[in-house]
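Trainee: Before anything else, here's the structure in question.
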Amino acid sequence: MAFVAYSASITALLPFNRIFSGGMGKKWNRLSPGYSARLRAGPSALSRTSSFSSAAAGKAGGAPPLPQLSEADKTLPIYTWPHKKKPRVCILGGGFGGLYTALRLESLLWPEDKKPQVLLVDQSERFVFKPMLYELLSGEVDEWEIAPRFSELLANTGVEFLQDRVKLLHPFDHWGMNGHKQSSCGGTVLLESGLLIEYDWLVLALGAEAKLDVVPGALEFALPFSTLEDACRVDEKLKTLERTKFGKDSFIRVAVVGCGYSGVELAATISERLQDRGIVQAINVESTICPTAPTGNREAALKVLSSRKVQLLLGYFVRCIQRVSDVEASGDATVIREGKDIAKQNSEKYVLELQPAEKGLESQNLEADLVLWTVGSKPLLPELEPCDKPHELPLNARGQAETDETLRVKGHPRIFALGDSASLRDSTGKLLPATAQIPESWRDDDPG
């Protein structure tokens, strides 16, 4: 079972109590004791974004006048909103942040003419409960139990859903721009299907994807673990290794790169699955695991890793990953043949070249049948139209949109960013991690 991030992540379900009150909610209740009680708990974990609901109700907070659609945009098929006068809220991304926001806006009490129309756009037809991707590997849940369709989740709400990918964003709300006196919309979103969406308010909640291009060989030979497709791919690879190694004396060797929350849970889950048939080794550049976690969580995680015989290689970074010959490799017999496809994919072996990041450690090579990558991520923010460069979104070094304390994108009063899309800082300017613990800690401190 997931043991570190799950307890914090489950609190993100607070606004979903009405939707998950049926069979699915009962299933998650069984997997997480106390789940139902937490669903009935107090104020929203995103209560700090209350300015968004005020803005959507018509309080623009000094936003500049907005221009009309360009002639080029008028030639594209345009999404038809149900009502012409009610505020139009477009949410890009149907992860926890996006779905939570859509349901929260739906559940609030509004004056009849101010209740916003909400459109949720996601590239997948399913919402993925990511904290339970690990249970997919352990066989405790089936795919349908952790990935319900959006159409099912939103069936009894006023939230509309479109399955599509975002191609271009064209905001009209940049501070100081010269707009027309009569506002038409806050901007437009162009989808890959060619459909154009006019919005009054936009929420960026597109999440992030694994960043594998930072180390030679990672993109070619390592598997990420952040999506449902990733989890299914890892599960299939493990099943193949279990079949090919069945009855043999050799171990299934798995290398997990990264010992943050995801890496630790992944290593523990796979080690429990393989038992005495496998060797799981977890690598981290830091001298400890989960460096941003509370001490108690870190100690609990270390105990679990120890009990499941996960080998920790701390203070190392991966210099490169290469493919080795399809032979019984052991120590001195390893032969590295770069650039040659010497074996079928299902029987390939890999070698990770580890370099010390701490004094007193020596370089070493690590052999593995499967390499899993949990280090680094790249926010999936949409591109802006070329003509929008003077009004581009302010991004930090990680590629996240800079936001204020209400999650409003700086310089764009009609755009909000959540989760991995947002760069949120504390009162001292320190960048906060995009994890469930942050809004939950705010919720605990917020008296209202």
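Just so it is clear, none of the values below were taken in a lab; they were calculated from the coordinates. Just so it is clear, the model here is predicted, and its values are computed rather than measured. Cβ sites come from the backbone with ideal geometry, for glycine too, and all protein chains shown count toward neighbours.
Trainee: Could you give the nm distance between label points at Thr288 and Lys167, where each point is 7 Å from its Cα heading toward the beta carbon?
Mentor: 4.9 nm
Trainee: Calculate, in whole percent, how much of the Cα-Cα pair population of segment 218-373 lies beyond 21 Å.
Mentor: 45 percent
Trainee: Then there's this: Roughly how many nanometres apart are two label points built 7 Å out from the Cα toward the Cβ at Lys85 and Glu362?
Mentor: Taking the two extended label points, one gets 8.0 nm.
Trainee: Can you flag which of Lys245/Lys349; Lys84/Lys115; Lys130/Lys410; Lys211/Lys303; Lys114/Lys410; Lys239/Lys349 are past 19 Å Cα-Cα?
Mentor: From the list (Lys245/Lys349; Lys84/Lys115; Lys130/Lys410; Lys211/Lys303; Lys114/Lys410; Lys239/Lys349), the Cα-Cα distance tops 19 Å for Lys130/Lys410; Lys211/Lys303; Lys114/Lys410.
Trainee: Around Glu209, which amide H atoms from residues at least 5 apart in sequence, or from another chain, sit under 5 Å from its own amide H, with H modelled in the peptide plane?
Mentor: Sorted by chain and number, the residues that satisfy this are Lys378, Leu380.
Trainee: Still on this structure, please answer the following. Would you mind giving the average projected area, over all directions, of the Cα convex hull of segment 233-292 in nm² with one decimal?
Mentor: Its Cα hull, projected and averaged over all orientations, spans 4.4 nm².
Trainee: Could I ask something else about it? Run through every distinct alpha carbon pair of segment 152-273 and return the Kirkwood hydrodynamic radius in angstroms, one decimal place.
Mentor: It works out to 19.4 Å.
Trainee: Let me ask another. For an R0 of 45 angstrom, estimate the FRET efficiency from the Cβ-Cβ distance between Phe246 and Lys410 and round to the nearest 0.05.
Mentor: 0.20
Trainee: Taking neighbour Cβ counts within 10 Å as the exposure measure, how do Ile283, Ile252 sort from fewest upward?
Mentor: Least crowded to most crowded, the residues run Ile252, Ile283.
Trainee: Using Cβ counts within 10 Å as a stand-in for footprinting exposure, how do His174, His412 rank, fewest first?
Mentor: His174, His412
Trainee: Here's another thing I want to ask about it. How high is the relative contact order of segment 218-373, in percent, counting Cα pairs under 8 Å that sit 6 or more residues apart?
Mentor: 27 percent
Trainee: Follow-up. How big, in percent, is the set of alpha carbon pairs in segment 95-225 lying more than 17 Å apart?
Mentor: 71 percent
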